[in-house]
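Below is one structure, written out as structure tokens, with a few remarks after it.
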Amino acid sequence: DGARGRAIKAPGPHEPLVPHCADLVFGCVGLDAIGKPLSGVAVHRPERLAELAAAGMNSTITPEVVERLVRSRDGLFKSAPPASLRVLLLNKADLLEPAEGAAILHELFGRLEHSVDAVALCSLADRRSPVVAFCEGSPR
């Protein structure tokens, strides 16, 4: 995905490349970013994320920072066709206690209910059962 192994990425001016015919678009954030400093350790393009999320460099990455990245016109879904379904994937659920992952899922879904169509808590490393929990809202 071009995140250079980081848990969260702010897209560059030329990304993401999404075909105009796409009807389902995923934005992916690693849950291991939550609670980490907004720096190059956890973030690909930390200066850009700080700008998009109106957050300070080295401030803590919170669900609110993720919300701002999703809502930003230049954020995770900036190239998504207007009619496409948008799903935020919160990956690496296996790194958290189930209750902690569920709390983040519900907090972000509540914050993003009218900006995304669904939020999925998942562990893409588990190929047998990658989706742990899923919240689907009413259409935007």
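The table below gives the values:
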| quantity | calculated |
| --- | --- |
| Per DSSP, loop trypsin sites (Lys or Arg not before Pro) in region 49-107 with at most 10 further Cβ within 10 Å | 73 |
| Residues of region 26-138: accessible area per residue with a 1.4 Å probe, Å² | 49 Å² |
| Chain lengthening between residue 64 and residue 47 when straightened (0.36 nm per residue, less Cα-Cα) | 4.5 nm |
| Amide H contacts of residue 34 (H built 1.01 Å from N, under 5 Å, at least 5 apart or other chain) | none |
| Charge context of residue 72, other residues only, Cβ under 11 angstrom, K/R +1, D/E -1 | +2 |
| Whole-Å semi-axes of the ellipsoid equivalent to the chain (Cα gyration tensor, √5λ, descending) | 20, 19, 14 |
| Within region 1-131, percent of DSSP bridges classed antiparallel, to nearest 5 | 15 percent |
| Difference of contour (0.36 nm per residue) and Cα-Cα distance, residue 22 to residue 136 | 39.1 nm |
| Residues whose placed amide H lies under 5 Å from that of residue 121, excluding near-sequence neighbours | 90, 132, 133, 134, 135 |
| Within the chain, helix-based [θ] at 222 nm, where runs of 4 or more DSSP H residues each add -39,500 (n - 2.57), nearest 500 | -6500 deg cm²/dmol |
| Gyration tensor over alpha-carbon atoms, region 25-72, equivalent ellipsoid semi-axes in Å | 15, 12, 10 |
| Total charge dipole magnitude, region 1-116, about the Cα centre, Cβ charges on Lys, Arg, Asp, Glu only, Debye to nearest 20 | 340 debye |
| Calculated from backbone phi, Karplus (6.51, -1.76, 1.60) coupling profile of region 6-18 in Hz, x at Gly/Pro | 7, 6, 9, 9, 9, x, x, x, 9, 10, x, 8, 10 |
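The values are calculated or read from the model by the stated rules, or taken from the named source; none is laboratory data. The model shown is predicted, which means the values in this text are computed figures rather than measured ones. We place every Cβ from the backbone using ideal geometry, glycine too, and count neighbours over all the protein chains shown. The area values use the complete protein model at the heavy-atom level, side chains included, leaving out ligands, DNA and RNA. Shrake-Rupley method; radii C 1.70, N 1.55, O 1.52, S 1.80 Å.
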